[in-house]
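Chemist: Structure provided below as structure tokens; questions to follow.
The values are calculated or read from the model by the stated rules, or taken from the named source; none is laboratory data. Note that the structure is a prediction, hence the values are computed from the model and not measured. We place every Cβ from the backbone using ideal geometry, glycine too, and count neighbours over all the protein chains shown.
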Amino acid sequence: MKYKIVDTFPNDFFNNKKAPLFSIYQETSRHLTENKRDALVFKNLIKEVEGSLREKYDKKEIKPLMEMFSEIENASTFWSHTYDGIALFASLDECIIYNLKKPISTLAVVSDTFHIKPLIHYFQIAQTYQILDLDAHSFQLFEGTPYHIEKIELSDSIQTTKDEILGTEKTDPYQTHGTYGGSSGKSTFHGHGGKKAEDEIDLERFFRQVDLIIDENISKKSKCPLILLAPTEYHALFLEMSNNLFLEPKAISGSYDTLGKEETKKQIELLNIERLNQKTEKLINQYHQLRPSEKSSDQLIEIISAVIDGRVETLFIELDKIIPGHIDLVNKKMKTKDLANPEIDDILDDLAQYTLEKNGHVYILSKEDMPTESGAAAIYRY
């Protein structure tokens, strides 16, 4: 039995798996000196659930799983390539692992369902953006999330500097009038035939060509949101004249060279959080508006029934709230138990997983941001 490193969520792996289902979250270190400690923590987490597995399942049946866990524990190359945490999910015949770039609370659960609430929370602010790093002379392109960023290597046929793009076609120094315009309207440069007017018009021509290059060669193919990273004085000019439908209305000030990788990732995270907050605020307002017509609810029993029937369009779950137990799919009820038993999962987590399986949307929110105190709230499809 082999494990697979993955980085996408939702993932088809989570659908239609038979118990026992194993979920392990572990904080790890990027420092090589801590690799042995990380492996030991993993070993101890496995021991927490190994006993109960051996009691309920035939030794031969769980042997491949136990051997794979042992292989991971002793794989120095695996631990030397971790970041700030791992999230491992396994059935008796398949296993996937996420390398997380943010610390996460250590937890091991064996249940009839996977424990995915921490993973949903991790990925809901992990929107991938493309970043156009632009100044008056050249541009470069990056792709990143709050957790990872890398430069996009463009085709050799794509010109990236103003001199390459404009060539020898410099603006007539006596030209005194120029316009640019996007969907938002037109703006006009007025000059007196001097060097400043010439430079302004050439800058506008350069930006227009950059916009066209990125739109045609990158954005329309990837359909990925694009963020402008440029000196503040260029924001209005580029955002107004751009015809790129994927360009975000809010830009980042500076340059990749001055901000560096970590600060750029932080800026992406802030934009992600702002975008998420705006979306959830609208949905929560919708939730409250629908309460009188009973098209939304915060009653767990009602939500459980609606989730099983595939009627939940949007589900809000409180991040740190846990209701130990599991959902009875046949009778549409919840059975609460003690979470001290590592075999018992969280009812709220199960609600999240079943909602995703029915193509619903799940948002993990802090207690302060939740529209209710029950731990869950839902907007129904009908």
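Chemist: Does any residue of region 327-343 turn out to be on the phi > 0 side of the Ramachandran plot and either surrounded by fewer than 16 Cβ atoms within 10 Å (Cβ to Cβ) or part of a helix (DSSP H, G or I) (or both)? Write out each step before concluding.
Modeler: So the first thing to find is which residues in region 327-343 are on the phi > 0 side of the Ramachandran plot, and the list is 332.
Going one step further and asking which of them are either surrounded by fewer than 16 Cβ atoms within 10 Å (Cβ to Cβ) or part of a helix (DSSP H, G or I) (or both), we end up with 332.
Taking every residue of region 327-343 in turn, at least one turns out to be on the phi > 0 side of the Ramachandran plot and either surrounded by fewer than 16 Cβ atoms within 10 Å (Cβ to Cβ) or part of a helix (DSSP H, G or I) (or both).
Chemist: Do we find a residue being free of Cβ contacts under 8 Å to residues at least 12 places away in the same chain, in a helix (DSSP H, G or I) and either under 29 Å from residue 165 (Cβ atoms) or of a type in the set (Ser, Thr, Tyr) (or both) anywhere in region 222-241? Outline the logic, then answer.
Modeler: Taking region 222-241 as the starting set, the residues that turn out to be free of Cβ contacts under 8 Å to residues at least 12 places away in the same chain are 233, 236.
From the residues that got through so far, the ones that are in a helix (DSSP H, G or I) too are 233, 236.
Pick out the ones that are also either under 29 Å from residue 165 (Cβ atoms) or of a type in the set (Ser, Thr, Tyr) (or both) and you get 233, 236.
Within region 222-241, one or more residues are free of Cβ contacts under 8 Å to residues at least 12 places away in the same chain, in a helix (DSSP H, G or I) and either under 29 Å from residue 165 (Cβ atoms) or of a type in the set (Ser, Thr, Tyr) (or both).
Chemist: Please determine whether any residue of region 280-287 is surrounded by 14 or more Cβ atoms within 10 Å (Cβ to Cβ) and in contact with a helix residue (DSSP H, G or I) (Cβ under 8 Å, 6 or more places away or on another chain). Write out each step before concluding.
Modeler: Within region 280-287, the subset surrounded by 14 or more Cβ atoms within 10 Å (Cβ to Cβ) is 280, 283-284, 286-287.
From what's left, in contact with a helix residue (DSSP H, G or I) (Cβ under 8 Å, 6 or more places away or on another chain): none.
There is no residue in region 280-287 that is surrounded by 14 or more Cβ atoms within 10 Å (Cβ to Cβ) and in contact with a helix residue (DSSP H, G or I) (Cβ under 8 Å, 6 or more places away or on another chain).
Chemist: Filter region 23-40 down to the residues that are in a helix (DSSP H, G or I) and surrounded by fewer than 16 Cβ atoms within 10 Å (Cβ to Cβ) and list them by number.
Modeler: Taking region 23-40 first, the residues in a helix (DSSP H, G or I) are 32-40.
Correct list: 32, 33, 34, 36, 37, 40.
Chemist: Could you go through region 91-106 and let me know if any residue there is free of Cβ contacts under 8 Å to residues at least 40 places away in the same chain and either more than 28 Å from residue 363 (Cβ to Cβ) or touching a His at 6+ places or on another chain (Cβ under 7 Å) (or both). Give the steps one after another, and end with the answer.
Modeler: Residues of region 91-106 that are free of Cβ contacts under 8 Å to residues at least 40 places away in the same chain, as a first pass: none.
No, there is no match, as no residue in region 91-106 is free of Cβ contacts under 8 Å to residues at least 40 places away in the same chain and either more than 28 Å from residue 363 (Cβ to Cβ) or touching a His at 6+ places or on another chain (Cβ under 7 Å) (or both).
Chemist: For region 232-251, state whether one or more residues are more than 21 Å from residue 124 (Cα to Cα) and among the basic types (Lys, Arg).
Modeler: The answer is no, given that none of the residues of region 232-251 is more than 21 Å from residue 124 (Cα to Cα) and among the basic types (Lys, Arg).
Chemist: Quick one: count up the residues across region 281-308 that are under 21 Å from residue 346 (Cβ atoms) and not in a strand (DSSP E or B).
Modeler: Taking region 281-308 first, the residues under 21 Å from residue 346 (Cβ atoms) are 297-308.
Add one more test, that the residue is not in a strand (DSSP E or B), and what stays is 298-308.
Final tally of qualifying residues: 11.
Chemist: Something else about it: Being part of a helix (DSSP H, G or I) and either of a type outside the set (Phe, Trp, Tyr) or on the phi > 0 side of the Ramachandran plot (or both) is the filter here, so list the residues in region 1-22 that pass it.
Modeler: Initially, region 1-22 is screened for residues part of a helix (DSSP H, G or I), giving 12-14.
Correct list: 12 only.
Chemist: Another question about this same structure. Mind listing whichever residues of region 364-376 are closer than 16 Å to residue 350 by Cβ and either under 22 Å from the mean Cα position of the chain (by Cα) or not assigned by TED's automatic domain parsing to the domain that holds residue 302 (or both)? Walk me through how you get there before you give the answer.
Modeler: Restricting attention to region 364-376, the residues satisfying the condition of being closer than 16 Å to residue 350 by Cβ are 364, 374-376.
Scanning region 364-376 gives 364, 376.
Condition check ((1) among the hydroxyl-bearing types (Ser, Thr, Tyr); (2) closer than 24 Å to residue 227 by Cβ; (3) assigned by TED's automatic domain parsing to the domain that holds residue 210) across all residues:
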| residue | (1), (2), (3) |
| --- | --- |
| 71 | no, no, no |
| 75 | no, no, no |
| 78 | no, no, no |
| 86 | no, no, no |
| 101 | no, yes, no |
| 111 | yes, no, no |
| 140 | no, yes, yes |
| 149 | no, yes, yes |
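Chemist: Residue 242 versus (1) more than 23 Å from residue 146 (Cα to Cα); (2) of a type in the set (Gly, Ala, Ser); (3) out of contact with any Asp or Glu (no Cβ under 6 Å at 6 or more places or on another chain); (4) at pLDDT 95 or above: which is the lone unmet condition?
Modeler: Condition (3) is where residue 242 drops out.
Chemist: Which residue out of 277, 243 is exposed (fewer than 14 other Cβ atoms within 10 Å of the Cβ) and farther than 30 Å from residue 359 by Cβ? Please lay out each step first, then the result.
Modeler: Details: 277 fails: farther than 30 Å from residue 359 by Cβ.
Answer to the selection: 243.
Chemist: I'd like the full set of residues that are modelled with pLDDT under 95 and either within 11 Å of residue 352 (Cα to Cα) or not small (Gly, Ala, Ser) (or both), limited to region 302-329.
Modeler: Hits for region 302-329 are 319, 320, 321, 322, 323, 324, 326, 327, 328, 329.
Chemist: From 189, 207, which residue is surrounded by 12 or more Cβ atoms within 10 Å (Cβ to Cβ) and modelled with pLDDT under 60? Working first, answer last.
Modeler: Values: 207 fails: modelled with pLDDT under 60.
None of the other options fit; the residue is 189.
Chemist: Let me ask something else about it. What are the pairs, 6+ residues apart or on separate chains, where a residue within region 305-316 that is basic (Lys, Arg) has its Cβ under 8 Å from a residue that is modelled with pLDDT of 95 or more?
Modeler: 311/380; 311/381
Chemist: Separate question: Picking from 297, 374, 293, which residue would you name as being more than 30 Å from residue 51 (Cβ to Cβ) and loosely packed, with under 13 Cβ neighbours inside 10 Å?
Modeler: Criteria check complete, one pass: 293.
Chemist: Let me ask something else. Quick check on region 122-141: of everything there that is hydroxyl-bearing (Ser, Thr, Tyr) and more than 16 Å from residue 99 (Cα to Cα), which residue is farthest from the chain's Cα centre (by Cα)?
Modeler: At the first step, the residues of region 122-141 found to be hydroxyl-bearing (Ser, Thr, Tyr) are 122, 128-129, 138.
With the extra rule that they be more than 16 Å from residue 99 (Cα to Cα), the set shrinks to 128-129, 138.
Working: 128: 7, 129: 10, 138: 29 Å.
Step by step, filter region 122-141, then rank; the result is 138.
Chemist: Oh, and also: Kindly indicate which of 43, 63 is free of Cβ contacts under 8 Å to residues at least 60 places away in the same chain, surrounded by fewer than 16 Cβ atoms within 10 Å (Cβ to Cβ), of a type outside the set (Phe, Trp, Tyr) and touching a helix residue (DSSP H, G or I) at 6+ places or on another chain (Cβ under 7 Å). Before the answer, list the steps.
Modeler: Values: 63 fails: touching a helix residue (DSSP H, G or I) at 6+ places or on another chain (Cβ under 7 Å).
Just a single option satisfies the conditions, and that option is 43.
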